[in-house]
Amino acid sequence: MCSSDLAVRDRAFESAPALAKRIQQSFLSEQITDDRVQPRIQCSYQDHEAFASLILRQQARPGSPVTEAYETFLLDLSDVEARGISLERLTEIVTPRLAFVSISLDTADNPYRVFESLNAKGMPLTQGDLLRNYFFMRLPAEEHDSWFRSVWQPMQTRLGDALDAFMHDYLVKDGEEVREEEVYQTWRRRLTPMNVEDVKTVLQDLSAWSVEYDRLLHLRHEPDSDVRRRLEWLSAWSQTLKQSLMPFLLLVQTDLSRGVLNADEASAILRSVQSYLARRVFTAASDTDDDQQLIQLYREPAGEMSRSNAFIETLSRPELGWPSDDKLRQAMLNY
């Protein structure tokens, strides 16, 4: 709503200055001192500066949803005026239908806890929205700004729409079976017994793993061509499965980037998984638990063996159903 107010105000500055002034003073800002104006509504951290620059009629900051909404409303207002509807008339139509709810909090109240209670009956939010709120509900209020700017906002910007999937895959890589619609509840169960310092440690770890997840989503940055080709193949194959392979691939790719695996070891592990998955297609084996099974096998101690040799030997156990050449040959004929 604020972006539309800003658009109407700016369109009205020349043609209807009284209207522009009324919108500014009633909806957008209040005069604190002779030279200081304060917004009446505070946006979220990432949009605060963009919103403030529009209120003060400074140069718009690109990349913010507030700025994009403002520019969209400006274009729409041109169409409205072209149809003969004045800005004054438009304001008369819209403002009587506005309703604002103000909630006053005491100093002891946690705004994030209030937000969670209100949204339990409101519009559905993404898992990322709910998790952001819960994490900051667990942090001291005076540290919200610094943690958001240094940790959460870069992670959210880095992953964009993939943030929800990352929050799911981060849990699964640790061996938890989590349905996509239960990510928030699972995180709450994990975080509830933790103290503040533990929650901060989790946030820092999430930030570090989000960098690795971003690398996995943008494999052009992987320097080893053979590893890159196999990760691309398995990422594409993953999209055909009931259960994504991304958590397993995240483990392998992260160990490679952090030096736990070298490129040859990572390539051997990925090649064995390619063979395992492709061969099992012809034997009509179930793919329901492939990701969890691969994660469990990958996390087994390697002992004196290299990580890649230990994984391949474990994956070769007869009970796991990696078809031999003879079984594959017969299965392909039957297929």
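The values are calculated or read from the model by the stated rules, or taken from the named source; none is laboratory data. It should be emphasised that the depicted structure is a prediction, and the values quoted were computed from it without experimental measurement. For neighbour counting, all protein chains shown are included, and Cβ atoms are generated from backbone atoms with ideal geometry for every residue, glycine included. Accessible surface areas use protein heavy atoms only, side chains included; no ligands, DNA or RNA. Shrake-Rupley method; radii C 1.70, N 1.55, O 1.52, S 1.80 Å.
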Report task. Report yes if some residue within region 150-160 is free of Cβ contacts under 8 Å to residues at least 60 places away in the same chain, in contact with a Phe, Trp or Tyr (Cβ under 6 Å, 6 or more places away or on another chain) and in a helix (DSSP H, G or I); otherwise report no. Result -> yes
Report summary line: Expected single match for basic (K, R), free of Cβ contacts under 8 Å to residues at least 40 places away in the same chain, open to solvent by 30 Å² or more (accessible area, probe 1.4 Å) and more than 24 Å from E176 (Cβ to Cβ) among R317, R329 is R329
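Considering each of F115, F51 in turn, give the residue that is at pLDDT below 75, open to solvent by less than 90 Å² (accessible area, probe 1.4 Å) and touching a helix residue (DSSP H, G or I) at 6+ places or on another chain (Cβ under 8 Å).
Working: F51 fails: at pLDDT below 75.
Of the residues listed, the single one that is at pLDDT below 75, open to solvent by less than 90 Å² (accessible area, probe 1.4 Å) and touching a helix residue (DSSP H, G or I) at 6+ places or on another chain (Cβ under 8 Å) is F115.
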**Report entry** Residues of region 298-308 that turn out to be open to solvent by 30 Å² or more (accessible area, probe 1.4 Å) and in contact (Cβ under 8 Å) with a residue 24 or more places away in the chain, as a count
**Finding:** 3
Requested in this report: Tell me, please, whether a residue that is of a type in the set (S, T, N, Q), open to solvent by less than 40 Å² (accessible area, probe 1.4 Å) and in contact with a Lys or Arg (Cβ under 8 Å, 6 or more places away or on another chain) can be found in region 254-266.
Outcome: no
